[in-house]
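The values are calculated or read from the model by the stated rules, or taken from the named source; none is laboratory data. Just so it is clear, the model here is predicted, and its values are computed rather than measured. Using ideal geometry, Cβ is built from the backbone for each residue, glycine included, and neighbour counts are taken over all protein chains shown. The accessibility values were calculated without ligands, DNA or RNA, using every heavy atom of the protein model including side chains. Shrake-Rupley method; radii C 1.70, N 1.55, O 1.52, S 1.80 Å.
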Amino acid sequence: MQLGLFSLMTLRDHVDGAVGVMRDTKKMVQTAEELGFDIAWFAEHHFANYSSSPSPLMMCSYAAGWTSKIKLGPGVIVLPLYNPLRVAQEIAVADTQSEGRLIIGMGTGYQQYEFDRYDVSLENKNEIFVEYWDVIEKALVEGEVEYNGQFIKVPKTTFAIKTQQSPLPPIFVTSSHPKLLNRFKKWNATPFIAASTLGSPVLYKMADGLNKAWESIGEQPAEKPLAIMQYVSITDSRAEALEVAERARYVGRMAHHLRKAELPLDDNGFIANEAFEGEYSLDQYADNMVVGDPHTVAEKMVDNIKRLNPSNFTCNFSFGCMPLERAHRSILRFKKEVIPLVEREVGPLANIGAKAPALSRLAS
């Protein structure tokens, strides 16, 4: 099982604003590399303080300059919002800049607010995704594209650069749609599911849906790789856990509002911290996420592993513009205190997960 670090890069109350969030992200990624994490993921979201990372491939290229071993992944490229000819070239450049450390993470997207502003149909996202991937695959694998689709038409075009990893870097996809799962079978792509602030109960429902989708195309879910992402924080008291939960609640509120056509904004132009019907209580956030003392976090992680057998377990320690001191303390304690407890229960992490694509690790 690979370990990942996820950076959403929310901007809320950092004393140094977006510059501070960027600096904190760099510190967390470098720490993850020092601790032996396998992948650093960077989010993609637009037009709001939910994330200050509108271009995850740009973040991967940036991180390539101050890391040396950890894999770097866009988490994820929202493919319907791109011109696939451009993104194919940028994937090749990012893999070259990182000397073969890029992971290709892609998704169809889900936020109405973002799609409207790019004038892209959210209803057609799956069909657009498949056509755009057709173009990218041909560009990077064959070096030439000519395509006549419903959503894009490409005259004969050649590509001078390819990825360093041949034929392609490992692929992760945040979709459970049977058509997309079937399209990526030949690449042994890893489905990447995340319930984010909603935690394990919703994550398990998502996994059930993914398993049914695999079965619908004649595949055995237990034989397939799976990546999951959880919000993780090591806390020393219930009061501290509830403080962490408040930051998660704000992230949840922002995500809820971004599913609408318009956003409620505060005086700073940030998404307003407005409650919505049916949202979790702070106690529910704390209980459902991977939050608590090291033993509690280990127990929750072990439950995830026994239920899902993931090939990749990715952690977001910095959610809700978490103060660096708290996020950094959590990642250090996670590796030092939590992982040994987990391995005592389930054995070495390297033995967990089904058919995960191998990630080569570069020498220092």
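Some values worked out for this structure:
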{"quantity": "Candidates 181, 203, filtered to the one that is without any contact (Cβ under 8 Å) to a residue 40 or more places away in the chain, closer than 16 Å to residue 225 by Cα, among the aliphatic types (A, V, I, L, M) and buried (at least 20 other Cβ atoms within 10 Å of the Cβ)", "calculated": "181"}
{"quantity": "Matching entry among 314, 296 (being of a type in the set (Val, Ile, Thr), without any contact (Cβ under 8 Å) to a residue 40 or more places away in the chain and closer than 13 Å to residue 233 by Cα)", "calculated": "296"}
{"quantity": "Tally, over the stretch 105-117, of residues that are assigned to a loop (DSSP other than H, G, I, E, B) and in contact (Cβ under 8 Å) with a residue 40 or more places away in the chain", "calculated": "3"}
{"quantity": "Residue ranges of strands (runs of 3 or more DSSP E) in the stretch 161-235 with at least 2 members of a type outside the set (A, V, I, L, M)", "calculated": "190-196, 227-234"}
{"quantity": "Members of the stretch 164-174 that are in contact with a strand residue (DSSP E or B) (Cβ under 7 Å, 6 or more places away or on another chain) and either of a type in the set (Ser, Thr, Tyr) or loosely packed, with under 11 Cβ neighbours inside 10 Å (or both)", "calculated": "174"}
{"quantity": "Residue 146 farther than 28 Å from residue 113 by Cα, in contact with a Phe, Trp or Tyr (Cβ under 9 Å, 6 or more places away or on another chain), surrounded by fewer than 16 Cβ atoms within 10 Å (Cβ to Cβ) and of a type in the set (Asp, Glu)", "calculated": "no"}
{"quantity": "Pairs where the first residue, in the stretch 264-291, is under 22 Å from residue 304 (Cβ atoms) and the second is in a loop (DSSP other than H, G, I, E, B) and of a type in the set (A, V, I, L, M, F, W, C), C-beta under 8 Å, 6+ apart", "calculated": "280/198; 288/198"}
{"quantity": "Which numbered condition residue 44 fails, given (1) acidic (Asp, Glu); (2) in a loop (DSSP other than H, G, I, E, B); (3) in contact (Cβ under 8 Å) with a residue 40 or more places away in the chain; (4) touching a Ser or Thr at 6+ places or on another chain (Cβ under 9 Å)", "calculated": "(3)"}
{"quantity": "Lone unmet requirement of (1) assigned to a helix (DSSP H, G or I); (2) open to solvent by 50 Å² or more (accessible area, probe 1.4 Å) for residue 275", "calculated": "(1)"}
{"quantity": "Given (1) over 23 Å from the mean Cα position of the chain (by Cα); (2) open to solvent by less than 40 Å² (accessible area, probe 1.4 Å), number of the condition residue 102 does not satisfy", "calculated": "(1)"}
{"quantity": "From the options 300, 260, 306, residue that is touching a strand residue (DSSP E or B) at 6+ places or on another chain (Cβ under 6 Å), of a type outside the set (Gly, Ala, Ser) and open to solvent by 10 Å² or more (accessible area, probe 1.4 Å)", "calculated": "300"}
{"quantity": "Filter result for the condition that a residue is modelled with pLDDT of 95 or more and either open to solvent by 10 Å² or more (accessible area, probe 1.4 Å) or over 18 Å from the mean Cα position of the chain (by Cα) (or both), over 28, 59", "calculated": "59"}
{"quantity": "The lone exception for residue 110 - which of (1) of a type outside the set (A, V, I, L, M, F, W, C); (2) open to solvent by 30 Å² or more (accessible area, probe 1.4 Å); (3) over 17 Å from residue 167 (Cβ atoms); (4) modelled with pLDDT of 95 or more it fails", "calculated": "(4)"}
{"quantity": "Flag if residue 99 is closer than 28 Å to residue 6 by Cα, of a type in the set (D, E, K, R) and either assigned to a helix (DSSP H, G or I) or out of contact with any helix residue (DSSP H, G or I) (no Cβ under 9 Å at 6 or more places or on another chain) (or both)", "calculated": "no"}
{"quantity": "Breaking point among (1) polar (S, T, N, Q); (2) in contact with a Ser or Thr (Cβ under 9 Å, 6 or more places away or on another chain); (3) assigned to a helix (DSSP H, G or I); (4) more than 27 Å from residue 261 (Cβ to Cβ), for residue 126", "calculated": "(4)"}
{"quantity": "Matching entry among 302, 342, 297, 338 (being outside any loop (DSSP other than H, G, I, E, B), under 27 Å from residue 31 (Cα atoms) and in contact with a Ser or Thr (Cβ under 9 Å, 6 or more places away or on another chain))", "calculated": "297"}
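Each row is one residue, and each column tells you yes or no for (1) on the phi > 0 side of the Ramachandran plot; (2) surrounded by fewer than 22 Cβ atoms within 10 Å (Cβ to Cβ); (3) under 14 Å from the mean Cα position of the chain (by Cα).
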residue	(1), (2), (3)
7	no, no, yes
12	no, yes, no
21	no, no, no
32	no, no, no
45	no, no, yes
48	no, yes, no
